[in-house]
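For reference, the structure discussed in these notes is given below.
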2 protein chains.
Amino acid sequence: MPTAHPSSPEPLPAPPQLSTMETAVIDVFVSAVKLIGLPKSIGEIYGLLFSSPLPLTLDALVLRLSISKGSASQGLKVLRSVGAVRPVYVAGDRRDHYAAETELKKLVAGFIREELQPHLDSGSERLAHLRQLLACSHPDDSGFLASRISKLGQWHTRSKSVLPLLTGLLD
Amino acid sequence: MPTAHPSSPEPLPAPPQLSTMETAVIDVFVSAVKLIGLPKSIGEIYGLLFSSPLPLTLDALVLRLSISKGSASQGLKVLRSVGAVRPVYVAGDRRDHYAAETELKKLVAGFIREELQPHLDSGSERLAHLRQLLACSHPDDSGFLASRISKLGQWHTRSKSVLPLLTGLLD
DNA sequence: CAAATTGTTCAAATTTTCTTGAACTCTGCG
DNA sequence: CGCAGAGTTCAAGAAAATTTGAACAATTTG
C-alpha cells in the first residue's frame, strides 16, 4: 500500500505480525495436526482462524502467516473437506471469508470420514486380495497364514465398527 | 551361501526373497503404519513378523527385508516400546528372537500410551501457558480469546477421558 | 469485452524425515 | 584377558513430503 488514504478500506488493519497469544495458539494446532499427519501449514491456518473473532480471507492468512498463496489455498481445501473451516458470507466482498469450526465432534467426524475411512475401504480390497492369494497357495503351509489372515479380517471388522462409534463419545 | 553343505545349520533356510503372500501382508502394514505416522520400515518389520510362524532375529529381518541393521534395530525398539512385538526365548541361541503381538487391544493401547498420551501431556503445559498469557493480556479483546481458550480446555479434558475409553471398545 | 481480482494448479525448490553404514558398547566364551 | 557375536547409536546421505511461485482459470466489474 504505497499510497496513503485518509480512511482505510479494511474494517480492521489487522496487525501484520502475530501476537504472542496467536503464536501460542497456533503452536498448539501445529503440534496437533502434525500428530495426525497433516502438514504444518494446515495447523497454522486453522490456528489463526481459531484465534480470530472475525472470519479471514485467504489474503489475510497469507499476509499474517507469511505463507504462500498456494499453501493457503491447498490448506483451506483440506480444512474445508474435513469441515474444520466454514465459509462465511460477507456483504460487499467478493473474497471468501473463513471461520474455524469449533465443535470437536464435527472435527473428529470429518477427519474420520475424509482421512481414516478411505484407508479402511482400501483395506477391504487388500483383504480380498489376500484371501484370494491364500486360496491359491501351497496347502501345506497355509494353515498358519490362514489364521493370520483371519486375524486381519477380525481387526478390519472391528475397526469398521469402532471408528464411527468414536464420534458418539464426543460432545 | 557359496559353500553347499549336506545339512543346513538353520532349522529352516528361510527363502531370501519374500513370497507374494508375505509381500501383500507387509504392504497392508506399511500402509497402516504410515497412516499413524510411523516410518515404513516399521510396517515392514511388523508385517514380516506377523507373517512368520516362527519368531525372527534381527539378522533375519535385515536379510529378508533388505533393510539395514540400524533400521531394524530402531524399528524393533519402537515396536517393543508399543508392545507390538514380543521377545521370545530360544534355547541355545544368544540372539533375540521376536514375535508379533496380534491382540488388537494391546496394539492400540500401546500406541495410545506411547505416542498419543505424551502429546496430551505436553498439551496440559501449553494450555497452562495460554491461560497465563490470557491473564496478562489486554482486557479489551480478551473476551473472545478467553472463550476460545476455554474451548481448548474442554477439548483437552474430553480427549483425556475418551482416549483411554477407546481401548475398552476393542476386543 | 477487457481489465482486474480471486483462487487453483503443479513442477521445481526446499525442508523434513527416514535410512544407511560405520564406529561403538556390551556380553559371553575360550 | 582378548576376540567374536549381537545390538545400539548417530552423523551423513537418500528419500519423501511440503512449500513456493508463477502460470493458469474463473469471475466480476467498469
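The values are calculated or read from the model by the stated rules, or taken from the named source; none is laboratory data. Since the model is a prediction, treat every value here as computed from it, not as a measurement. Cβ atoms come from the backbone with ideal geometry, glycine included; neighbour counts cover every protein chain shown. Areas reflect the complete protein model, heavy atoms only, side chains present, ligands, DNA and RNA absent. Shrake-Rupley method; radii C 1.70, N 1.55, O 1.52, S 1.80 Å.
For a paramagnetic label modelled on B:Thr20 (point 7 Å from Cα along Cα→Cβ), amide N atoms under 19 Å away belong, within the range A:143-158, to A:143-150. Chains B and A together bury some 3700 Å² of accessible area, summed over both sides, with a 1.4 Å probe. Computed from backbone phi, the HN-Hα couplings of the range B:58-73 come to 4, 4, 4, 4, 4, 5, 6, 8, 6, 10, 7, 4, x, 4, 4, 4 Hz, rounded to whole numbers (Karplus: 6.51 cos²θ - 1.76 cosθ + 1.60, θ = phi - 60°; Gly and Pro given as x).
Across A:Ala135, A:Ala32, A:Ala109, mean-square fluctuation computed from a Gaussian network of chain A (C-alpha pairs under 10 Å connected) peaks at A:Ala135.
Excluding ligands, DNA and RNA, the accessible surface per residue across chain B is 57 Å² with a 1.4 Å probe.
Proximity of backbone amide H atoms, modeled 1.01 Å from N, is registered between B:Tyr98 and B:Leu56, B:Thr57, B:Val88 at under 5 Å, excluding neighbours fewer than 5 places apart on the same chain. Coupling constants for the range A:21-32 follow from the phi torsions by the Karplus curve (6.51 cos²θ - 1.76 cosθ + 1.60, θ = phi - 60°), and in residue order they are 4, 4, 4, 5, 5, 4, 4, 4, 6, 4, 4, 5 Hz; glycine and proline get x.
Counting from the shortest, the label point at B:Thr20, 7 Å from Cα toward Cβ, is 6.5 nm from the same position in each remaining copy. Taking label positions 7 Å along the Cα-Cβ direction at both B:Arg131 and A:Ala128, the computed distance is 5.2 nm, reported to one decimal. Taking each of A:Lys77/B:Lys106; A:Lys77/B:Lys34; A:Lys69/B:Lys106 in turn, the alpha-carbon distance tops 32 angstrom for A:Lys77/B:Lys106; A:Lys69/B:Lys106.
Along the range B:39-53 the Karplus relation, 6.51 cos²θ - 1.76 cosθ + 1.60 evaluated at θ = phi - 60°, assigns HN-Hα couplings of x, 3, 4, 5, x, 5, 5, 4, x, 5, 4, 5, 7, 9, x Hz to successive residues, with x for each Gly and Pro.
Among the residues of B:116-128, the average count of other protein chain beta-carbon atoms within 10 Å of the residue beta-carbon is 2. Here the Gaussian network model covers chain A, with springs between Cα atoms less than 10 Å apart; of A:Glu125, A:Glu44, A:Glu22, A:Glu125 fluctuates the most.
In summary, the aspartates and glutamates within cross-link reach of B:Lys160, defined as a Cα separation below 20 angstrom excluding same-chain residues under 8 places away, comprise A:Asp27, A:Glu103, A:Asp171, B:Glu114, B:Glu115, B:Asp121, B:Glu125. Considering only A:Ser68, A:Ser137, A:Ser159, the mean-square fluctuation computed in a Gaussian network model of chain A, springs between alpha carbons under 10 angstrom, is largest for A:Ser137. Using only Cα positions of the range A:20-171, each an equal point scatterer, no hydration layer, compute I(q)/I(0) via Debye at q = 0.13, 0.15 Å⁻¹ and quote the log10 values to two decimals. Each listed q maps to, in turn, -0.70, -0.82. Per-residue shielding of B:20-31, expressed as the average number of other chain Cβ atoms within 10 Å of the residue Cβ, stands at 4. Of all chain B residues, the closest to the B-onto-A rotation axis by Cβ, with that distance in whole Å, is B:Gly37, 2. Across the alpha-carbon set of the range A:105-169, the Rg to Rh ratio works out to 1.14, Rh being the Kirkwood radius. Shown for the protein assembly as shown: the carbon plus sulfur share of the solvent-accessible area, taken with all protein chains present and a 1.4 angstrom probe, equals 58%.
Interface burial in the range B:129-171, defined as at least 50 Å² less accessible area with all protein chains than with the chain alone at a 1.4 Å probe, covers B:Leu130, B:Leu133, B:Phe144, B:Leu145, B:Arg148, B:Leu152, B:Trp155, B:Arg158, B:Val162, B:Leu169.
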